[in-house]
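Remarks on the structure that follows.
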C-alpha cells in the first residue's frame, strides 16, 4: 500500500545511480533491511546535504509505492559518526560491521536489537577512532551471531556434552569440542574460549581486553566457520593483517 513511512535507519551502503541519484541500503529497527532511492542527492543544492552517506544514523521519511525501492522524502541526522571518516582503521571496521549486518540480516524481518547493536558499534568506533579495538570488533560479531540464532556452543563439547578437556572448535558441530570428539576441529586455546564466553556475556562497550593476538585469531576463525557452516555465508573478516 502506497504511503509514507517514518523510521530511523543506518546507511549500510550508498551507490551512485543515474546522473544525480543514489541507491541506499538501509537497516531499520522495524523493517529490517530495505532499499531506497534518494533522488537528486548528488546535486550541489540537494536538500539532503551529506546526510545519506554510509554509517550515518538518520531519521527518515520514506515514500512506499509500487517499486521495490522506497523513496527518501526527508532526512534528519541522528548521529553522523564524523570521526570514523578521519581514520582508515575505523572506516574499514565500520564497513565490515555494516557488511556483516547486511549479509546476516538481509530480509525485511524486523530485528530492533540488531539495529541498536549496530548503532552502538558505530558509536564506539566513532568515539575510539584511531584505536585498533580488535576485541570490540569480535565481540560485535559474536553478538550478531547470537541475534541470528548462530551463537557457538561454548558451555561444553558440542558433540558429546563433555564439560572438561575442551581443546578445539568445530564449525560443523557449532561449538567447542573435547579431545575425544575433535576430529576435524582446529585447536582452540583456553584464552580464546574465555574471550568468547565473556564477550557474549558483557555489554559491547565492555568487551574483554588483554586477550593474546593468537587467541583473537582463533576466536575469529570460530566465528567465520560457524557462519559458513550454518548460514552458508562467507563474511569478510573483522580483523585485518
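Calculate how steeply helix 190-201 sits against the longest principal axis of the alpha-carbon atoms of the chain, using the helix alpha-carbon long axis, and give the answer as 0 to 90 degrees to the nearest 10.
The angle comes out at about 40 degrees.
Looking at the square roots a ≥ b ≥ c of the eigenvalues of the Cα gyration tensor of the range 72-124, which shape do they give, rounded for a/c under 1.5, prolate if a/b is larger than b/c, or oblate?
Note, shape of the range 72-124 comes out oblate.
How would you rank 217-226, 129-138, highest first, on the average number of other Cβ atoms within 10 Å across their residues?
217-226, 129-138
Using Cα atoms only, what is the angle between the long axis of helix 112-127 and the major principal axis of the chain, expressed in degrees (0 to 90) to the nearest 10?
90 degrees
If you line up the long axis of helix 88-104 against the longest principal axis of the chain, both from Cα atoms, how many degrees apart are they, to the nearest 10?
Taking the Cα atoms of the chain, the angle to 88-104 is about 90 degrees.
For every helix of n ≥ 4 consecutive DSSP H residues, a contribution of -39,500 (n - 2.57) applies; sum these over the chain, divide by its total residues, and give [θ] at 222 nm rounded to the nearest 500 deg cm²/dmol.
-10500 deg cm²/dmol
For the chain, calculate the relative contact order in percent as a whole number, restricting contacts to Cα pairs under 8 Å that are 6 or more residues apart.
Answer for the chain is 16 percent.
Just to be sure I understand: if I project the alpha-carbon convex hull of the range 149-241 onto a plane and average over all orientations, what area do I get in nm²?
Its Cα hull, projected and averaged over all orientations, spans 6.1 nm².
Pull out a ≥ b ≥ c, the square roots of the eigenvalues of the alpha-carbon gyration tensor of the range 39-117, then state rounded if a/c is under 1.5, prolate if not and a/b is larger than b/c, and oblate in the remaining case.
The shape class here is oblate.
Under the rule a/c < 1.5 gives rounded, and otherwise a/b versus b/c splits prolate from oblate, where does the range 1-160 land using the Cα gyration tensor?
Since a/c reaches 1.5 but b/c is at least a/b, the shape of the range 1-160 is classed as oblate.
Calculate, for residue 190 and residue 64, the FRET efficiency according to 1/(1 + (r/R0)^6) with r their C-beta to C-beta distance and R0 35 Å; round to the nearest 0.05.
E between residue 190 and residue 64, to the nearest 0.05, is 0.10.
Give me the percent relative contact order of the range 149-241, please, defined on Cα pairs under 8 angstrom at least 6 residues apart.
Rounded, it is 26 percent for the range 149-241.
Values quoted throughout were computed directly from the atomic coordinates according to the rules given, and no laboratory measurement underlies them. Keep in mind it's a predicted model, so treat the numbers as computed, not measured. Here Cβ is always computed from backbone atoms with ideal geometry, including for glycine, and neighbour counts include all displayed protein chains.
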